[in-house]
Amino acid sequence: MEKAKKGLTLDTFLEYCLIMLLITAIAYIGNWIYSDFGLMESLPGILILLAIAFVGYTLSELIPFNIPSVVYISIVGLLVAMPVSPLSEAVVAYTGKVEMLPLATPVLAFAGVSMGKSWAEFKKIGWRGILVAALVMIGTFVGSAVVAQVILSMTGII
Amino acid sequence: MNKFKEIFSSWKLLITVLVIVMISERIGLLKIPIGSGSIMFLPLLYAMALGLILYLAKPVKWVNKEQTSMADKFIVIGISVFIAKVGVQSGAAIEAVIKAGPALILQELGNLGTILIALPFALLLGFKREAVGMTHSIAREPNVGFIASKYGLDSAEGRGVMIIYIVGTLIGTIFMGVMSSVLASFTPLHPFAIAMATGVGSGSMMAAASAPLVSMFPDMATEITAYAATSNLLSTADGIYMTMFIGLPLCNFLYRKLEPVLGKNRKVKTN
């Protein structure tokens, strides 16, 4: 859940940086195991992605709208990689040595640990709740896919 | 500086996660063929399962309740670098994204499919006002926050949204990953359309659901990732407004019409 109050203190900023560095270090090793890219080869890409995340996070703290930091981070990433950006070629080439999936793996390992907390509640939910939850996910997923399919073929992309 | 002590005091948890990650990446992608298609399993799914098992397995004492509050912080911040990568991917393919703009924007309405499919079922199963909380959206953080502020989390609607939130958190990532393999293998839906649908939930759901598409259709990888990422960005940005102005009003309207018919003589307790 996004915090309600804004305001960047040195303490929270440094905490953010430290946590981000630790997780990225784990992802960096994961990328090395998962892909064919060596540790030296993927280092510039990892550092570029860290820089994008830091800039996006800082913007989200400085700009007084209650918009999640992930929105700023993806917009910063999008802008620097767009073909009109002078950095585009270098950013795309270096970050190409970092696969997308290994960046998510450590986060989901923490998510698994955190899920343990909700496990007792989950067991109480019962089959009716789980069935409805499955239908909710299917409904949104298939609904979006069908609308996208229709519009994509109308606009001649597929 | 107490915060740093707190972070470093969770070093056992960090080492555990490092080991989990190394094992998961070592196993890599697993493709299980079923009939004419296949279901993909990804390192991030093993990582999640291993994390949960270690928490539930009592012998691993350091992965405990106190540590999980730290884990929550790591999740929120840890997703940032992944999102940066996703942003770069969509920036590099910006022309494809702009060309597909109308589809990307309109597929956001697809989440109304949830209300049409899941609400009648919830009523048939005996849920009352809980059904509105359950089926008005896909129940990620912004939606839970919205329902909490409108009805309170102790209300029937609040209990409903929490049920979907908890189940979604626990099995959503795995479920969406499997669903995208199944849709790509067994339905005529185009990989691009499925890619746009992978963005409807959280960032990790998007990762788990788009990765199987990328490995099934490697020559379309650029567009698939870009569409998935942009769709996820749009959902994150407009999700709350979709809920506020379309999802919840529509769900309440249908509830008033359908409940007297489908919900007659049924009642299930949720509290």
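For the options B:Gly168, B:Gly152, B:Gly239, a Gaussian network treatment of chain B with springs between C-alpha atoms closer than 10 Å singles out B:Gly152 as fluctuating the most.
For chain B, the relative contact order is 23 percent, taking Cα pairs closer than 8 Å that sit 6 or more residues apart in sequence and dividing their mean separation by the residue count. The convex hull of the Cα atoms of the range B:139-216, projected and averaged over all directions, covers 5.4 nm².
Report summary: the helix-based calculation at 222 nm, which adds -39500 (n - 2.57) for every DSSP H run with n ≥ 4 and divides by the residues of chain B, gives -23500 deg cm²/dmol.
Ordering of A:115-126, B:8-19 by packing is B:8-19, A:115-126, highest average first (other Cβ atoms within 10 Å, averaged per residue).
Of interest is the spacing of the C-alpha centroids, which for the range B:208-271 and the range B:124-138 amounts to 14 Å.
Positive-end ranking of B:Ser90, B:Ile105, B:Phe121 along the dipole of the range B:78-266, with charges on Cβ about the Cα centre, is headed by B:Phe121. In the range B:197-271, Cα pairs under 8 Å separated by at least six residues give a relative contact order of 29 percent.
When only alpha carbons are used to place a centre, the range B:96-112 and the range A:11-42 end up 33 Å from one another. Here A:Leu18 and B:Arg266 are evaluated by their C-beta separation; at R0 = 60 Å the FRET efficiency comes out at 0.70.
The helix-only estimate of mean residue ellipticity at 222 nm for chain A, built from DSSP H runs of length n ≥ 4 each weighted as -39500 (n - 2.57), is -28000 deg cm²/dmol after division by the residue total.
About the centre of its Cα atoms, chain B shows a dipole size close to 960 debye [charges on the beta carbon of Lys, Arg (+1) and Asp, Glu (-1) only; nearest 20 debye]. Note: relative contact order over the range B:1-71, using C-alpha pairs below 8 Å and six or more positions apart, is 30 percent.
Using a cut-off of 19 Å between Cα atoms, the listed pairs A:Lys124/B:Lys267; A:Lys117/B:Lys73; A:Lys117/B:Lys5; B:Lys5/B:Lys73; A:Lys97/B:Lys85; B:Lys128/B:Lys264 include A:Lys117/B:Lys5 as exceeding that distance.
Shape class for the range A:92-157: oblate, because the ratio a/c of the largest to smallest gyration tensor axis (alpha-carbon atoms, square roots of eigenvalues) is 1.5 or more and b/c is at least a/b. Here's the list of aspartates and glutamates a cross-link from B:Lys99 could span, going by alpha-carbon distance under 13 Å and ignoring same-chain residues fewer than 8 apart: B:Glu223. As a size descriptor, the averaged projected area of the C-alpha convex hull of the protein assembly as shown was calculated at 20.7 nm². Inter-chain Cβ neighbour count for B:194-201, averaged per residue, equals 5 (cutoff 10 Å, partner chain atoms only). Taking a ≥ b ≥ c as the square roots of the eigenvalues of the Cα gyration tensor, an a/c ratio of 1.5 or more together with a/b larger than b/c marks the range B:1-71 as prolate.
Note on B:Leu109 and A:Glu121: their simple-model spin labels are 3.4 nm apart, each label 7 Å out from Cα toward Cβ. The modelled label-to-label distance for the pair A:Thr155/B:Ile34, using points 7 Å beyond Cα in the direction of Cβ, is 3.2 nm. With unit charges on the beta carbon (Lys/Arg positive, Asp/Glu negative), name the residue among B:Leu56, B:Phe41, B:Ser9 whose Cα is farthest towards the positive pole of the charge dipole of the range B:1-71. Positive-most Cα among the choices belongs to B:Ser9. Evaluated at q = 0.10, 0.11, 0.14, 0.18 Å⁻¹, the base-10 log of the normalised Debye intensity for the range B:78-266, with identical point scatterers placed on the Cα atoms, takes the values -0.42, -0.51, -0.79, -1.17. The smallest convex shape that holds all Cα atoms of the range A:10-154, its convex hull, gives 201 Å³ per residue.
Label separation (B:Phe4 vs B:Asp219): 5.4 nm, computed from points 7 Å beyond Cα along the C-beta direction.
All of the numbers you see were taken from the coordinates with simple rules; none came from a lab. These numbers come from a predicted model, not from an experiment. Because the Cβ atoms are built from the backbone with ideal geometry, glycine has one as well, and the counts that use them run over all protein chains shown.
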